[in-house]
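The values are calculated or read from the model by the stated rules, or taken from the named source; none is laboratory data. As the structure is a prediction and not an experimental result, all values here were calculated from the model. Reconstructed Cβ throughout: ideal geometry from the backbone, glycine too, with neighbour counts over all protein chains shown. With ligands, DNA and RNA removed, areas are computed over all heavy atoms of the protein, side chains included. Shrake-Rupley method; radii C 1.70, N 1.55, O 1.52, S 1.80 Å.
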Amino acid sequence: MPPVQRTPLIAGNWKMNLDCAGAVALARDVARHAAGARVDVAVFPAFVHLDAVQRALRADGLALTVGAQDCSDAPNGALTGEVSLAMLQDLGCNWVLTGHSERRHVIGESDDVVAAKTAAALRASFTCVLCIGEKLEQRERGETDTVNERQLRAALKGLDAQACTNLVIAYEPVWAIGTGRVASAADAQAAHHAARRVLSDILGRETAARTRILYGGSLKASNAGELLAMADVDGGLVGGASLEAGGFGAIIDAAAGLAHSA
Ligand code: 13P
């Protein structure tokens, strides 16, 4: 198999933060910083800010990938509050997160719901950032790799390599999200390596080798260099530290020039 280069991807998950003007201003700053960086950069604003952010970027001639934090797996219908993939496409948005731990553990999405959303997003040619990760008690019981494997197998059930061309994985240990506790570089590498082996088993070696696996959980400028240097850490999904252009820009800079090959 010829060597595959994985371009680093730094993604900002803005969660339920910012007002519309703040989201637009931050997107502009991030886009300016990302211009010319040898790194893919994406931001995930709240649904209600997607249109304004994209219009502002277009008006300024700025390029930045803008994705949604969630989607429905249904095409349309009586689903109050839900947002379909077609609605997102209509805004020119074709990236989406699925299975974020806050949706799994706070909102209560099951593995089946995550699987349905992931399959629907990939079927609609979205780039889908599928999030996985263990809770603290699972880590303490030594179940990190088992939990990640279960979540990957459940979410990708019935999908083949062809369907997963636009798949990105984000490993986000739940205990590291928003807590300031970050996985050690060695622990992150071990979890990513194990997840890639599972991907290889499900989707084949070639797809596993080119699928980017991001780390998320208290990633910030001061720890990004060490984590992103690990062989199977292909970028980051950043929460808190993505809400400030300077800090997020420093994470982008830390990723620059770190393309991993397999
Ligand atoms: P923090 O970077 O705030 O820990 O959040 C990580 C996350 O959940 C990104 O999706």
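The table below lists the values:
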quantity	calculated
Given (1) open to solvent by 10 Å² or more (accessible area, probe 1.4 Å); (2) touching a residue at least 40 places away in the same chain (Cβ under 8 Å), number of the condition H192 does not satisfy	(1)
Any chance L79 is more than 18 Å from the chain's Cα centre (by Cα) and surrounded by 17 or more Cβ atoms within 10 Å (Cβ to Cβ)	no
Criterion: part of a strand (DSSP E or B) and buried (at least 20 other Cβ atoms within 10 Å of the Cβ) - qualifying residue of L219, L199, L237, L227	L237
First in segment 161-183 and free of Cβ contacts under 8 Å to residues at least 12 places away in the same chain, second anywhere and open to solvent by 50 Å² or more (accessible area, probe 1.4 Å), Cβ under 6 Å, 6 or more apart	none
A68, sole failed condition from (1) buried (at least 19 other Cβ atoms within 10 Å of the Cβ); (2) in contact (Cβ under 8 Å) with a residue 40 or more places away in the chain	(2)
Some residue of segment 241-252 being under 14 Å from A183 (Cα atoms), of a type in the set (D, E) and open to solvent by 10 Å² or more (accessible area, probe 1.4 Å)	no
Qualifying residue in segment 207-215 (condition: within 12 Å of the ligand (Cβ to nearest atom) and modelled with pLDDT under 95)	no
Helices (runs of 4 or more DSSP H) wholly inside segment 45-142 containing at least 2 residues that are out of contact with any Ser or Thr (no Cβ under 7 Å at 6 or more places or on another chain), more than 16 Å from the ligand (Cβ to nearest atom) and over 29 Å from A21 (Cβ atoms)	111-123, 136-140
